[in-house]
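Scroll down for the structure; my scribbles are underneath it.
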């Protein structure tokens, strides 16, 4: 099992808005992407104004396939456009879930 962590650094005061956009319709998107678990987190410590989306998938091939599906979904593309105005930078981290 793989955990994908998408870390977004947001403009001042926009983390809550970004988290809300990510949370809207997350269960439908997760199901269509084949994700086992999806979480949206906001920071309590460390750098300010961060939003982390954690997605569990079976393997990297499943991640690639689900990512391709997401970018074909009109609702996903609309939310990406809205978030682009509020995000300064971001990164992706991939972890093997050991237990």
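The values are calculated or read from the model by the stated rules, or taken from the named source; none is laboratory data. It should be emphasised that the depicted structure is a prediction, and the values quoted were computed from it without experimental measurement. Reconstructed Cβ throughout: ideal geometry from the backbone, glycine too, with neighbour counts over all protein chains shown.
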Going through the range 27-47 in order, the residues found to be modelled with pLDDT of 70 or more and touching a strand residue (DSSP E or B) at 6+ places or on another chain (Cβ under 6 Å) are 35, 36, 37, 38, 39, 40, 41, 42, 43
Could you give every pair whose Cβ atoms fall below 6 Å, whose first residue belongs to the range 37-49 and is closer than 16 Å to residue 97 by Cβ, and whose second residue is part of a strand (DSSP E or B) and modelled with pLDDT under 95, counting only separations of at least 6 or pairs across chains?
-> 37/56; 38/55; 39/54
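Per-residue answers, yes or no, for (1) touching a helix residue (DSSP H, G or I) at 6+ places or on another chain (Cβ under 9 Å); (2) assigned to a strand (DSSP E or B); (3) surrounded by 14 or more Cβ atoms within 10 Å (Cβ to Cβ):
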position	(1), (2), (3)
35	yes, no, yes
40	yes, yes, yes
48	yes, no, no
53	yes, yes, yes
56	no, yes, yes
72	no, no, no
75	yes, no, no
Being surrounded by 15 or more Cβ atoms within 10 Å (Cβ to Cβ) and without any contact (Cβ under 8 Å) to a residue 24 or more places away in the chain is the filter here, so list the residues in the range 1-25 that pass it.
-> none
